[in-house]
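Chemist: One structure, as C-alpha cells, below. Some questions next.
Each value in this text was obtained by applying a stated rule to the coordinates, not by laboratory testing. Small disclaimer: the values here were computed from a predicted structure and weren't measured. Neighbour counts run over all protein chains shown; Cβ positions are idealised from the backbone, glycine included.
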Amino acid sequence: MDIHNLIKMANNIGAFFKSEPDRELAIQGVEQHIRNSWEPRMRKAIVEYVQQGGTELMDIVSEAVLHIAKQS
C-alpha cells in the first residue's frame, strides 16, 4: 500500500470538506467518507501514518483519522 497515494487521496477528501463552515462537521464528513469508502487495509495504513507522527495531512484529515483510530 503506497502511503503517498493514501495521503493524496485523504487530502483530496479534506479539500472537498474544507468548504464546510462548521469545522466539526467537516471532520465528521472526512471521517465518514474514509470509513465508508476505504477498505480496512487503507484505513489501517493511514491511522498508522498519523500515529507515527505523519505531517502531510490537512488538519481536518488528521483529526478525522484520529477519531477513526479511537473507535477501532
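Chemist: Can you tell me which residues in the range 1-37 are closer than 11 Å to residue 65 by Cα and touching a Gly at 6+ places or on another chain (Cβ under 7 Å)?
Modeler: Within the range 1-37, just 30 meets the criteria.
Chemist: Only residues that are of a type in the set (A, V, I, L, M) and in contact (Cβ under 8 Å) with a residue 40 or more places away in the chain: list them for the range 1-46, please.
Modeler: If the condition is that a residue be of a type in the set (A, V, I, L, M) and in contact (Cβ under 8 Å) with a residue 40 or more places away in the chain, then 1, 3, 6, 7, 10, 13, 15, 27, 42, 45, 46 are the ones that fit.
Chemist: Next up: Looking only at the range 22-53, how many residues end up being small (Gly, Ala, Ser), farther than 13 Å from residue 9 by Cα and surrounded by fewer than 16 Cβ atoms within 10 Å (Cβ to Cβ)?
Modeler: 1
Chemist: For residues that are under 12 Å from residue 7 (Cα atoms) and in contact (Cβ under 8 Å) with a residue 24 or more places away in the chain, tally how many sit in the range 60-72.
Modeler: Summing the residues that are under 12 Å from residue 7 (Cα atoms) and in contact (Cβ under 8 Å) with a residue 24 or more places away in the chain in the range 60-72 gives 2.
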